[in-house]
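K.L.:
Following this message is one structure expressed as structure tokens.
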Amino acid sequence: MSEKVIENNKVSIIGKIASGFTFSHEVFGEGFYVVDVAVNRLSDQVDVIPLMISERLLDVNEDYIGSTVEAIGQFRSYNRHEGTKNRLVLSIFVREINFLEEFTDYTKTNQIYLDGYICKEPIYRKTPLGREIADLLLAVNRPYGKSDYIPCISWGRNARYASAFQVGTRVRIWGRVQSREYTKKLNETQCEKRIAYEVSVSKLECVDQEEQAEA
């Protein structure tokens, strides 16, 4: 059961470690730490993506800043309580990490595949320049009755297609994990810069339609 479920959420990134390790939590005596990895885009921009990594996978007391790593795992979410509100926190839960001496194929630095269910009505809009965008929230099942809630953003033809999805529609998505800085207004006088993480969609398909066609 668990192996099958793992197949619905697969991500691999290659980039340079950009921070030290910060303790996150402990499960049955196993400590988990967060570390940031800078992943280059083909456009010369950089996504800084947090990894959630077990102390059993590598020595969290070492300084690895600047080292190139390949991390393989799942894109996961959890709710963090902040005052009276919950905030969705996303990171890559690492199952395997490899250090790379040399790396040249930058087309494969950031890949994700998700198979889940639309859990919120898609938000479709156009930019001032007329570019079409659709925001999706995908619930991806995990073992033991848990789910991860993954924000996804699609563009152009994909956005038009996604805008018609109903809540509960099963969807497969291929794309990349990206980081985006935004300003959160805390009150009338205070603002705070934050980073959001989402999946930039390169391809998507509606599984429900596929299954109906086969039937």
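K.L.:
Please turn the phi angles of region 164-180 into ³J(HN,Hα) values with the Karplus equation 6.51 cos²θ - 1.76 cosθ + 1.60 (θ = phi - 60°), one per residue in order, whole Hz, x for glycine and proline.
P.N.:
Coupling constants for region 164-180: 8, 5, 8, 4, x, 5, 8, 9, 9, 10, 10, x, 9, 7, 10, 10, 9 Hz.
K.L.:
Right, something else. Quick one: what are the phi-derived ³J(HN,Hα) couplings along region 194-199, Karplus 6.51/-1.76/1.60 with θ = phi - 60°, whole Hz, x for glycine and proline?
P.N.:
My calculation for region 194-199 gives 10, 10, 9, 10, 7, 9 Hz in order.
K.L.:
Continuing with the same structure: Using packing as a proxy for protection, rank 159-166, 68-75, 7-14 so that the peptide with the highest average count of other Cβ atoms within 10 Å comes first.
P.N.:
Highest-to-lowest ranking by the protection proxy: 68-75, 7-14, 159-166.
K.L.:
Simple spin-label model, 7 Å along Cα-to-Cβ: ASN40 to ASP105 in nm?
P.N.:
1.6
K.L.:
Roughly speaking, what is the stretch gain from PHE28 to ILE6, that is 0.36 nm per residue apart minus the C-alpha to C-alpha distance, in nm to one decimal?
P.N.:
That works out to 5.8 nm of additional length.
K.L.:
Another question, if that's okay. Suppose only helical runs count, i.e. DSSP H with n ≥ 4. What mean residue ellipticity at 222 nm does that imply for the chain under -39500 (n - 2.57) per run, divided by all residues and rounded to the nearest 500 deg cm²/dmol?
P.N.:
-2500 deg cm²/dmol
K.L.:
Would you mind getting me the FRET efficiency between ASP208 and ASP63? Use the beta-carbon distance for r and R0 = 45 Å, nearest 0.05.
P.N.:
0.40
K.L.:
Considering Cα pairs under 8 angstrom that are at least six residues apart, work out the relative contact order of region 27-101 and quote it in whole percent.
P.N.:
Relative contact order, region 27-101: 29 percent.
K.L.:
On to the next question. Report the net charge of residues surrounding GLY29, where surrounding means a beta-carbon distance below 12 angstrom and charges are Lys +1, Arg +1, Asp -1, Glu -1.
P.N.:
After counting each charged neighbour, the total is -2.
K.L.:
Looking at the chain, how many pairs of lysines come closer than 24 Å at the Cα, when each pair is eight or more places apart or spans two chains?
P.N.:
So the count of such lysine pairs works out to 23.
K.L.:
Could you work out how much longer the chain between ILE195 and LYS146 gets when fully extended? Use 0.36 nm per residue separation minus the Cα distance between them, nm to one decimal.
P.N.:
Answer, rounded to one decimal: 15.2 nm.
K.L.:
How high is the relative contact order of the chain, in percent, with contacts defined as C-alpha pairs under 8 Å that are six or more residues apart?
P.N.:
About 18 percent, as a whole number.
K.L.:
List residues of region 167-210, by number, whose backbone nitrogen lies under 14 Å from a label position 7 Å along Cα→C-beta of LYS85.
P.N.:
Answer for this model: 182-196.
K.L.:
Further question: What spacing in nm lies between the two simple spin-label points modelled at CYS119 and ILE72, each 7 Å away from Cα in the Cβ direction?
P.N.:
Each label point is offset 7 Å from its Cα along the Cβ direction, giving 2.7 nm.
K.L.:
I need the phi-derived Karplus couplings for region 118-129: 6.51 cos²θ - 1.76 cosθ + 1.60, θ = phi - 60°, integer Hz, Gly and Pro marked x.
P.N.:
5, 10, 8, 4, x, 10, 9, 8, 10, 6, x, 8
Every number here is computed from the coordinates shown, using simple stated rules; none is lab data. None of these values were measured; they are calculated from a predicted model. Neighbour counts run over all protein chains shown; Cβ positions are idealised from the backbone, glycine included.
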